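Trainee: My questions will all concern the structure given below.
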Amino acid sequence: MKKELPKIYHSPISKPIHNNKNVFYGSEERTSKETSVEELFQINQVYRTNVKIKTKDKVMEKKIIGRTQNNLITFDNEIIAIADIENIELL
């Protein structure tokens, strides 16, 4: 037993339709250096942690004792800007 559904009227589309919207879903993706600095500070014991820091100018091995919003503080009272850090890794 086949039942036919009623026909529905639709007008023919004669021109191209460009009603698509461009949508951008942004996210707060962090750069790798910010992520690695965050990962470093998720360790329970950060005080006097030996790290190898590669900056724009040089590569150095330091003991990190703290952090401000934009800088790392070393055991030698040296302040290293996070913006200058290219890579940081635990030793």
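Trainee: Limited to region 45-70, what total is found for residues that are surrounded by 15 or more Cβ atoms within 10 Å (Cβ to Cβ) and under 22 Å from the mean Cα position of the chain (by Cα)?
Mentor: 5
Trainee: So Ile79 fits all but one of (1) open to solvent by less than 90 Å² (accessible area, probe 1.4 Å); (2) hydrophobic (A, V, I, L, M, F, W, C); (3) at pLDDT 85 or above; what number is the exception?
Mentor: Every condition holds for Ile79 apart from (1).
Trainee: Restricting attention to region 61-84, which residues are closer than 11 Å to Val51 by Cβ and among the small types (Gly, Ala, Ser)?
Mentor: none
The values are calculated or read from the model by the stated rules, or taken from the named source; none is laboratory data. What you see is a predicted model; the values in this text were computed from it and never measured. Reconstructed Cβ throughout: ideal geometry from the backbone, glycine too, with neighbour counts over all protein chains shown. Ligands, DNA and RNA are excluded from the accessible area calculation, which covers all protein heavy atoms including side chains. Shrake-Rupley method; radii C 1.70, N 1.55, O 1.52, S 1.80 Å.
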